[in-house]
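The values are calculated or read from the model by the stated rules, or taken from the named source; none is laboratory data. Please read all numbers here as calculations on a predicted model, not as lab measurements. Note that each Cβ is placed from the backbone with ideal geometry, even for glycine, and that neighbours are counted across all protein chains shown. When the accessible area is computed, the model is the full protein with side chains, heavy atoms only, and any ligands, DNA or RNA have been set aside. Shrake-Rupley method; radii C 1.70, N 1.55, O 1.52, S 1.80 Å.
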Amino acid sequence: MAHAAQHQAPAAAPAPQAAIHPDGLYRWGQFAALVPFSRETWRHRILQGRAPRPVSRSPNCTAYRGADILAWLADPDGYQAVSKN
């Protein structure tokens, strides 16, 4: 008796990133797939004022404002972070 080949469905692709909402706060892992470079390059851009600055939620937790992420995504090369006063 021939053994029927078992076909397995291909592994499901990771779920798409949730939409970025202007009023939300997001950790790096929640929007990293939308950024075309590494976390370290992102950090350097923050220091240069070319990427949004994170907000501190606690000593061990930083997040990024959704509105800032969306502004950066709309114009990554022309983005300028708002100065801290």
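State all residues of region 48-68 that are under 12 Å from VAL82 (Cβ atoms) and either open to solvent by 80 Å² or more (accessible area, probe 1.4 Å) or without any contact (Cβ under 8 Å) to a residue 24 or more places away in the chain (or both); if no residue qualifies, say none.
ARG65, ASP68
State the number of residues belonging to region 27-45 that are closer than 19 Å to GLN80 by Cα, outside any helix (DSSP H, G or I) and either touching a strand residue (DSSP E or B) at 6+ places or on another chain (Cβ under 9 Å) or among the β-branched types (Val, Ile, Thr) (or both).
1
Please go through region 74-85 and give me each residue that is surrounded by 14 or more Cβ atoms within 10 Å (Cβ to Cβ) and aliphatic (A, V, I, L, M), ordered by number. So that I can check it myself, show each step before the final result.
Taking region 74-85 and keeping what is surrounded by 14 or more Cβ atoms within 10 Å (Cβ to Cβ), we get 76, 79, 81.
ALA81 - this is the single residue of region 74-85 that is surrounded by 14 or more Cβ atoms within 10 Å (Cβ to Cβ) and aliphatic (A, V, I, L, M).
How many residues are assigned to a helix (DSSP H, G or I) and either within 16 Å of GLN48 (Cβ to Cβ) or touching a Cys at 6+ places or on another chain (Cβ under 9 Å) (or both) if we restrict to region 72-85?
Number of matching residues: 1.
So the check is Cβ under 7 Å with 6+ separation or different chains; which pairs have a first residue in region 20-46 that's farther than 18 Å from ARG57 by Cβ and a second one that's in a helix (DSSP H, G or I) and aliphatic (A, V, I, L, M)?
Within 7 Å, the pairs are LEU34/LEU73.
Restricting the search to region 43-85, which residues are among the β-branched types (Val, Ile, Thr) and under 17 Å from the mean Cα position of the chain (by Cα)?
Answer for region 43-85, where residues must be among the β-branched types (Val, Ile, Thr) and under 17 Å from the mean Cα position of the chain (by Cα): ILE46, VAL55, THR62, ILE69.
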